[in-house]
Amino acid sequence: MEKLKGLKPEKVFEFFEYISSVPRGSGNTSQVSELCMKFAKERGLTAFKDKVNNVVIYKAATPGYENAPTVVLQGHLDMVANKTTDCTKDMATEPIDLMHDDKYIYADKTTLGGDDGIAVAYALAILDSNDIEHPAIEAVFTIDEETGMEGAKEINPSLISGRLLLNIDSEEEGVFTCGCAGGCRVNGIIPVTHAVLGKDDSEKTALVEIEIKGLKGGHSGADIDKQPASANYLLGRVLRELYTKNVFSLVNIAGGEFDNVICQHAKAVIAVEKDLLGDVNKFISDYDNTLRAEYSCVNPDMVLSTNVIDEKDIDHKKLTGWNKHSTEGNLVFLDKASTLKILNAITLPSQGVLEMNMELAGMVQTSQNLGIVALKDDAFHFDFLVRSSVESQKESAVARIRALVELLGGKISTFGNYPGFKFEADSKVRDICVEAYRECYGSEPVVNTIHAGIECGIFCDKIPGMDAVSFGPNILSIHTPDEKLDIASVERVWNMILLILKKIK
């Protein structure tokens, strides 16, 4: 602890370090939930934890604010637990390692969790204070926002009396978000069939690992229009074209860990005749140059490469089909039909922006992101996150994925479906926030809607009369190991939050 000691605002960073002392990846929030309950108990604050680990902490108004409307301070406890390929940390059991320089807080080889730990830290600092003027506070900390806003969906509306919602889950200072897209997660499963080569043919066959790495990745909502290439999609494209030139069979393929992250790294293992190794290597080398030419401005460090490997170097634990069908001395891979099914499943659906908004210039309306691909249990699994501010277009995109998967002999399931957040012409909380910003910064803020999903839509849908706005300090490269939290921005936004609370009477 105390790695952030001395940074201002001190209490905010003290509590950011407090919640960072335990792992809090999505689906793993019990410890951080308990930390929040412990915090409330030690200060004599009323608090409630529900069955899924959402936490609500209540604090009475300070003198002079007894008749002011109650304010809901809201953020999510979970973070995207992403790390670099060479990081050995078990993010399910170990906390992140906080680091900082003069400008930024970051984590060693992992995501930081500024999204959305900073919201929790702000709220805890306010709940802890004895000298901050504020109306009655309801601090609402949800779980698993990053995997479908599951906590917000489960929250009991009766726990929340406030109708002014400050959602501190945006990553660009000076921007008030007052509308967002809805989303739906899609999991596809396509059965595959294995083939076995005899020992003689196995000796004539090489296993080649094809890998693409060094991509920037990014948030599948906020960054989807910046054209950062998806490693999953590009690997599928490379393999699909290679398949038309030098017939091979797929042994394994894997890429991505999260459907809401634009994939940075993917690789496949293929079985190819040894006589064709030279052709394969040349093809990959040429395609590496092709991709660099296409994406050099946004992914200058992207590398496409090959490596001939031994069968013993493959992680059999991740290849149930291999274990089931293999015999000593024989190579096992997918048959040609299954190989082609997988390549079609990756390359035929669109990746990225599907529709732009015709009324709001530059605003993405509908998109889909192929976040995860994996071969396991005799089936190919892949996960899309579909987003749209138009419900019918979201449903249409999901229907197209379903149609393709069914043509390939598979099926899909959908989950994590959440509504958008409608922009309202009149908003008291937005007006107060804009006024506070003007006083703090001496300039006009940006008021917008975004393509990424935020929990405001669910709260407004569940609680009639809820008036919401989302904002936050500058956080760079969220959902990636390059995530950074701007220290000076945190302080400026802190001062603005205090003024917002002061103005609500």
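What follows draws every value from the coordinates through simple rules; no lab data is involved. Since we're looking at a predicted model, the values are computed, not measured.
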What pairs from 213/376; 3/267; 336/411 go past 25 Å between their alpha carbons? 3/267
Rounded to the nearest Å, the spacing of the alpha-carbon centers of segment 411-455 and segment 154-185 is 7 Å
Considering Cα pairs under 8 angstrom that are at least six residues apart, work out the relative contact order of the chain and quote it in whole percent. 24 percent
Integer Hz, Karplus 6.51/-1.76/1.60 couplings in order for segment 208-217, x for Gly and Pro: 10, 8, 10, 10, 10, 8, x, 7, 6, x
Check residue 97: other-chain or 5+ apart residues with amide H under 5 Å from its amide H, H built from backbone geometry? 108
Restricting to aspartates and glutamates and to Cα separations under 15 Å from residue 226, and discarding same-chain partners fewer than 8 apart, the set is 294, 355
Quick query: amide H of residue 252 versus all other amide H atoms, modeled in the peptide plane; which residues come in under 5 Å with a sequence gap of 5 or more or a different chain? 269
Per-residue ³J(HN,Hα) for segment 177-182, Karplus 6.51 cos²θ - 1.76 cosθ + 1.60, θ = phi - 60°, Hz, x for Gly and Pro: 8, 10, x, 7, 7, x
Segment 72-138 and segment 1-48: distance between their alpha carbon centers, rounded to Å: 8 Å
Excluding residues on the same chain fewer than 8 positions from residue 341, give the aspartates and glutamates whose Cα lies under 19 Å from its Cα. 241, 377, 378, 383, 406
Applying the Karplus parametrisation 6.51 cos²θ - 1.76 cosθ + 1.60 with θ = phi - 60° to the phi angles of segment 391-404, what ³J(HN,Hα) value in whole Hz is obtained for each residue in order, glycine and proline being reported as x? 4, 5, 6, 4, 5, 5, 5, 4, 5, 5, 5, 4, 4, 5
Amide H partners (placed H, <5 Å) of residue 176, local residues excluded: 446, 447, 448
With the contact rule set at Cα under 8 Å and sequence spacing of 6 or more, what percent relative contact order holds for segment 425-505? 31 percent
Show which lysines lie in cross-link reach of residue 5 when reach means a straight Cα distance below 19 angstrom and same-chain residues fewer than eight apart are skipped. 103, 484
Could you work out how far helix 428-441 tilts from the main Cα principal axis of the chain, as a 0 to 90 degree angle to the nearest 10? 90 degrees
Taking the Cα centroid of segment 197-219 and of segment 235-275, what is the distance between the two, rounded to the nearest whole Å? 7 Å
In degrees between 0 and 90, to the nearest 10, how far off the longest principal axis of the chain does helix 114-128 point, with axes built from Cα atoms? 20 degrees
